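Accompanying notes for the structure given below.
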Amino acid sequence: SLAQEKRELVLKHSDELEVILENGRYITHVLGHVIFETETGTIHCDSAIWDRGRATRLSGHVRFDDRDFRINSDSLYYDLRTQQATALGKKVELWSYADSIYAVGTHAFFDRQNNQLKMYNRPLLYLQYPDSAKMIEVLADTIEFVSGTRQADAMGQVVITSKDLTATSGQAHFDSEQDQLELTIEPVAVRRNSRVSGEIILVKFAESNIKN
């Protein structure tokens, strides 16, 4: 409903504001110390073009603070009808608090209705963040996860590094609840003095061994 859409995004502050009639719709242009409120968080940016009830395009030092996650980027396009957003920038950063995940890249997509997050263009993902003793670094072409499930998937030239493990594969699935990692597509894992390869490699982080 329109009332629900209006609650989706509320402008709390901007230094300058101008409303322009474009193609039969009133488009709000805001500039300087822009702050929006959503139902579950706040958005800060330098400027925005806002088509009320439809979408907003945010630019400059974008910081999207939500209840479950945070995104920093140079620009962010947010579709209010689908609740989907695309964040772009030289350094797009994403934190998912419940999942203990931190990711950095140049292109992120998230779907708030389904709590789904994806990152493209070889992002770096840190699992068990910020626990340096347990932290696992993942580099891949694409990374995706559903917030709250504590699971993540990495696809394409996957490189995994942790305190005592280095591994490569075409695909990797992480399950933080089970504290395990499943590697597929030509996986190779080296842990301390053991090197394992095969069709599927299963790494249990609580144990010292790796299985194929």
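The values are calculated or read from the model by the stated rules, or taken from the named source; none is laboratory data. Quick caveat: nothing in here was measured; it's all calculated off a predicted structure. Here Cβ is always computed from backbone atoms with ideal geometry, including for glycine, and neighbour counts include all displayed protein chains. Heads up: the accessible areas ignore ligands, DNA and RNA and are worked out on the full protein's heavy atoms, side chains in. Shrake-Rupley method; radii C 1.70, N 1.55, O 1.52, S 1.80 Å.
Quick notes on this structure:
Okay, residues lined up against (1) β-branched (V, I, T); (2) surrounded by fewer than 17 Cβ atoms within 10 Å (Cβ to Cβ); (3) touching a strand residue (DSSP E or B) at 6+ places or on another chain (Cβ under 8 Å):
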position: T56; (1), (2), (3): yes, no, yes
position: N72; (1), (2), (3): no, no, yes
position: A85; (1), (2), (3): no, no, yes
position: V92; (1), (2), (3): yes, no, yes
position: W95; (1), (2), (3): no, no, yes
position: F109; (1), (2), (3): no, yes, yes
position: R122; (1), (2), (3): no, yes, yes
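- Filtering G60, G105, G41 for residues that are under 30 Å from S132 (Cα atoms) and at pLDDT 95 or above leaves a single hit, G105.
- None of I49, I101 is out of contact with any helix residue (DSSP H, G or I) (no Cβ under 6 Å at 6 or more places or on another chain), open to solvent by 30 Å² or more (accessible area, probe 1.4 Å), free of Cβ contacts under 8 Å to residues at least 60 places away in the same chain and among the hydrophobic types (A, V, I, L, M, F, W, C) except I49.
- Pair list, Cβ under 6 Å, 6 or more apart: the stretch 109-133 residue closer than 20 Å to L76 by Cβ, other residue among the hydroxyl-bearing types (S, T, Y) and open to solvent by less than 50 Å² (accessible area, probe 1.4 Å): F109/T86; N115/S147; Y120/T142
- Looking across the stretch 167-192, the residues that are modelled with pLDDT of 95 or more, open to solvent by 20 Å² or more (accessible area, probe 1.4 Å) and among the hydroxyl-bearing types (S, T, Y) come down to T168, T184.
- Pair list, Cβ < 7 Å and 6+ apart or interchain, from the stretch 9-28 residues that are open to solvent by less than 80 Å² (accessible area, probe 1.4 Å) to residues that are at pLDDT below 95 and outside any strand (DSSP E or B): L9/T38; L9/L80; T28/R52
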